[in-house]
Amino acid sequence: MRAPATASPFGLSLLGFLLVPALFHLAIVLTSSVPLAFRFTPGVLAKLGLVSVAAAMHWGIYASLLATFGLTLRRGREPIITTMVRRLHGEIDDEIVLYTRKVTIAWTLFFAMQLVLSVSLLCCAPLVVWSFFVNILDLPLIATMFASEYAIRIRCLQNPPRDSLSAVFSMITAAVHEKPVQQRAGPGAR
């Protein structure tokens, strides 16, 4: 008899990461007939809670990312993407340094646009439209940004770095836990 399969912590995290925003959006859609007004009925309070939590999560994440990436673009600082590439590859050439600065700028603009669009939609569009943007389109937009950057990197650089997502996640995890990252051998690595 086989032992029952257990879900990995990563799988459960991923499921939660995908499921929670979808459930928030579904709840906002299902309560679209409940107006957000200055009446404190249980339905209004529940809907206000859902909207507040979704807005706080979305705005908090993107404001943090905007600040993190944007502050590394100041004079005398190394852009965060350049730092990440150095952690993965060691010494990098000037073409990569310039490219990673531009990528850091692109991500910074992406984070700023996410915030601007989210606030604008919340203020000016129906709540269901705003919810769709922050809860449903968020991950596809991020995936599109990653895919676009990768396509541009392959097209524009002579010897582009080609790292797997697992290598990038390992590097980020090591940076968070301040463990040294084992650099892969290859061009540009010491």
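The residue of region 45-54 that is surrounded by the fewest Cβ atoms within 10 Å (Cβ to Cβ), among those that are farther than 17 Å from L141 by Cβ and in contact with a Ser or Thr (Cβ under 9 Å, 6 or more places away or on another chain), is A46. Of all residues in region 163-190, those satisfying the criterion of being part of a loop (DSSP other than H, G, I, E, B) and either modelled with pLDDT of 75 or more or not basic (K, R) (or both) are D163, S164, E178, P180, V181, Q182, Q183, A185, G186, P187, G188, A189. Tell me yes or no: at least one residue of region 58-75 is charged (D, E, K, R) and surrounded by fewer than 16 Cβ atoms within 10 Å (Cβ to Cβ). The answer is yes; a qualifying residue exists.
Restricting region 77-126 to residues that are of a type in the set (K, R), without any contact (Cβ under 8 Å) to a residue 60 or more places away in the chain and in a helix (DSSP H, G or I), the residue that is farthest from Y62 (Cα to Cα) is R86.
Screening V34 on (1) surrounded by 14 or more Cβ atoms within 10 Å (Cβ to Cβ); (2) at pLDDT 80 or above; (3) not in a helix (DSSP H, G or I) shows it passes everything except condition (2). Taken over region 110-129, the criterion of being surrounded by 14 or more Cβ atoms within 10 Å (Cβ to Cβ) and under 30 Å from I80 (Cα atoms) is satisfied by F110, F111, A112, Q114, L115, L117, S118, V119, L121.
For region 135-172, filtered to residues that are surrounded by fewer than 12 Cβ atoms within 10 Å (Cβ to Cβ) and among the small types (G, A, S), the residue that is nearest to I61 (Cα to Cα) is A143. Please find, within region 105-135, the residue that is nearest to I28 (Cα to Cα) out of those that are modelled with pLDDT under 95 and touching a Phe, Trp or Tyr at 6+ places or on another chain (Cβ under 8 Å). Restricting to residues being modelled with pLDDT under 95 and touching a Phe, Trp or Tyr at 6+ places or on another chain (Cβ under 8 Å), the top hit is S131.
Checked against (1) more than 24 Å from L137 (Cβ to Cβ); (2) within 20 Å of the chain's Cα centre (by Cα), I92 meets all criteria but (2). Scanning region 133-147 for residues that are of a type in the set (A, V, I, L, M) and in contact with a helix residue (DSSP H, G or I) (Cβ under 8 Å, 6 or more places away or on another chain) returns V134, I136, L139, L141, M145.
Within region 97-131, the set of residues being over 24 Å from I152 (Cα atoms) and β-branched (V, I, T) comprises V116, V119, V128, V129. If you check F146 against the conditions, is it at pLDDT 95 or above and in a helix (DSSP H, G or I)? When the stated conditions are applied, F146 does not pass them. The combined condition, being among the hydrophobic types (A, V, I, L, M, F, W, C) and in contact (Cβ under 8 Å) with a residue 40 or more places away in the chain, is fulfilled by V134.
The values are calculated or read from the model by the stated rules, or taken from the named source; none is laboratory data. All figures in this text were calculated on a predicted structure; none of them were measured in a lab. We place every Cβ from the backbone using ideal geometry, glycine too, and count neighbours over all the protein chains shown.
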